[in-house]
Amino acid sequence: MTYLDHAASTPIVEEALEAMLRAARDGGGNPASVHGAGRKARAALDEARIQVADYLGCMYAELRWEASGTAALGRALHAALSLSDGPVVSSRLEHPAVRTWVEEVEATGREVRWLPQPAGAVAADEASQALEGAAVVALSAMNHELGTAPALEPLLERAPGAWWVVDAVQAAAWRDVRPLLGPRVFLACSAQKLGGPPGVAALRVPRELAFVPAGRREAPFPESPGTPPWLAAIGMGTACRVRGPALREGLPRVRALAERLLGELREACPDLVHNAGPDWLGPILDVSVPGVEARRMESALDLRGLCVARTSACQQARVASSPVVAAAYPDEPWRADTALRFSLGLGTTDADVAVAVEAWRSALEESRPEGPPR
C-alpha cells in the first residue's frame, strides 16, 4: 500500500509510540492525582507541553490541550466571538471546523466579511478593506485541500486589534508559525498531522487570556474540564521533538517530490490542472481532470493500493465534490467534481511517487478509456 493522504493523518512516528508505551508501563497514574504515580504522569505531561510549546515557539503556559483540531478551533472561535461584537472576517475556503462556525454566526445577523481567495491566494487590497475595523479574523495558515500557504503576517499587521483564530492544523507540520503568534492570536495544531497520535491537539492562547490575573483563581481561558488526554499528549510532545529538526531539509525535499509527481501526472494526462495558485507550499497536491469524476478515480486508485482523498477526511461521507475547490474556482465548477488530493509526508519516497504515477496511469485508462479530449 502506498500512502499519500498525510493531510488527513500522518502515521505515528516510532518514537512517539515508544514514549506513550513507556508512560503507560511506568504506572499509568492519573496526572490529576497527588500521589506518586499521579505526579509521575503529571511530570511526563508537563514535559510534553514544553516540547509542543518549543516546537510552536510559544510559552508553556499559553498552551491548552484539546481533543482534536476541530475542538481547538471551535473553542478558540467561541472565545474570540464572545470577546468582541464587531465584524468577523473569514473565507469560504476554510476547513468546516471554522467555516461552519462563521456561517452560523452570520445567520444570527452579525456582520461577516468573506475574503475572496481565488486559487487560494489573498489579494492584499481586498484583504485590507475587509480587515478594516474587524473584531474577529479566522483564517488558515495552510489550506487543507489546496495546499496554499498565503502570508498571514502582513494581514495581522492590518488588524492588530482583532482577535485572530489561525488554523495551523496543516501549517504547523510544514512551516514556522512563530511569526503568527501575535498578542491576540489563537493558534490550533493537531498531533495526527505531526506524526503524533489522534485524539489530542494543542491550542495556543493569547497571553492576556492564558495567565491567572491577580485576585482570580483561574485564567480567563482555563484548561478544558476533565483530565487531558495525557498519553496522547505525551505522544504529541515526542512527535514535535522529532519533527522539528527534520523540517529544514524535509520540506524542500517533499516539495521537489510533489513537483515531480505533478509533472508526471501531467505527462500521463495533459489536460490535468493543478488547483493551487502561486502560494502553493508543496506537500498537498490537489489536481482535477475534466470529465473524470473524483469518486470514481479515488476508488480506482484505492483498488491499486494508492491512498489519496477527494476532499477533507471529515467530509468524505457527506459531499460528492470539494467545497473548497468550488469556492476557489467559482467559474469552473467541474474542478470541484473532479478534484483529488495527494498529500505527502516526511517519509514519502521516490519509490512512492513512482508507484503513485503508475497507479494513476492505470486508473485513468479505466476511468477514461477513450483518452484525453482532443
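The values are calculated or read from the model by the stated rules, or taken from the named source; none is laboratory data. Given the structure is predicted, the values throughout are model-derived calculations rather than measurements. A quick note on method: Cβ atoms are made from the backbone with ideal geometry, for glycine too, and the neighbour counts reach across all protein chains shown. Surface accessibility is based on the protein's heavy atoms, side chains included, excluding ligands, DNA and RNA. Shrake-Rupley method; radii C 1.70, N 1.55, O 1.52, S 1.80 Å.
Structure above, values below:
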| quantity | calculated |
| --- | --- |
| For the stretch 155-172, 3J(HN,Hα) per residue [Karplus equation, 6.51 cos²θ - 1.76 cosθ + 1.60, θ = phi - 60°, Hz, x = Gly/Pro] | 6, 4, 5, 7, 9, x, x, 7, 7, 9, 10, 9, 7, 10, 4, 8, 5, 4 |
| Between the stretch 131-155 and the stretch 252-281, the alpha-carbon center distance in angstrom | 23 Å |
| Rounded tilt (10° steps) of 14-25 against the dominant C-alpha axis of the chain | 40 degrees |
| Area of residue 169 that stays accessible when all protein chains are in place (1.4 Å probe, Å², to 10) | 20 Å² |
| Angle in degrees between helix 36-56 and the longest Cα principal axis of the chain, rounded to the nearest 10 | 50 degrees |
| Pair residue 111, residue 22: separation of 7 Å Cα→Cβ label points (nm) | 5.4 nm |
| Gyration tensor verdict on the stretch 64-111 (Cα atoms; rounded if a/c is under 1.5, prolate if a/b is larger than b/c, oblate otherwise) | oblate |
| Accessible area (Å², 1.4 Å probe, nearest 10) - residue 216 | 130 Å² |
| Descending principal axes extents, the stretch 275-318, alpha-carbon based, whole Å | 32, 25, 22 |
| Length-normalised contact order for the chain - Cα pairs under 8 Å, 6+ apart - percent | 22 percent |
| Taking only Cα atoms of the stretch 1-121, radius of gyration then Dmax in Å | 19.6, 56 |
| C-alpha center-to-center spacing [the stretch 320-345, the stretch 178-234] in angstrom | 32 Å |
| Sulfur and carbon atoms: percent of accessible area, the stretch 250-374 [1.4 Å] | 53 percent |
| Amide proton proximity set for residue 140, modelled H, under 5 Å, gap of 5+ | 167 |
| Gained length - residue 54 relative to residue 296, 0.36 nm times residue gap less alpha-carbon distance | 82.8 nm |
| For residue 84, distant residues with modelled amide H under 5 Å away | none |
| Global form of the stretch 51-135, assessed from the alpha-carbon gyration tensor, a/c cut-off 1.5 | prolate |
| Ellipsoid semi-axes in whole angstrom, largest first, where each is sqrt(5λ) of the Cα gyration tensor of the stretch 266-359 | 20, 15, 14 |
| The stretch 129-215, accessible surface, carbon-and-sulfur percent (1.4 angstrom probe) | 52 percent |
| Size of electric dipole in the chain: Cβ of Lys, Arg +1 and of Asp, Glu -1, about Cα centre, debye, nearest 20 | 1100 debye |
| Spatial extent of the chain: Rg and Dmax, with the Cα atoms as the point set, Å | 21.3, 74 |
| Approximate shape of the stretch 186-313 as ellipsoid semi-axes (Cα gyration tensor, √5λ), whole Å, largest first | 40, 17, 16 |
| Bins of 5 Å, starting at 0 and running to the largest distance - Cα pair percent for the stretch 217-275 | 4, 13, 11, 11, 10, 10, 10, 10, 8, 6, 4, 1, 0 |
| Directionally averaged projected area (convex hull, Cα atoms, the stretch 126-258), nm² | 10.1 nm² |
| Among 30-36, 85-91, 124-130, the order from most to least packed when residues are scored by Cβ within 10 Å on average | 85-91, 124-130, 30-36 |
| Heavy-atom accessible surface of the stretch 1-51: percent carbon and sulfur, 1.4 Å | 55 percent |
| Unit charges on C-beta of K, R, D, E only; dipole of the stretch 225-374, Debye | 520 debye |
| Once the Cα gyration tensor of the stretch 30-183 is diagonalised, semi-axes √(5λ) in Å | 31, 17, 14 |
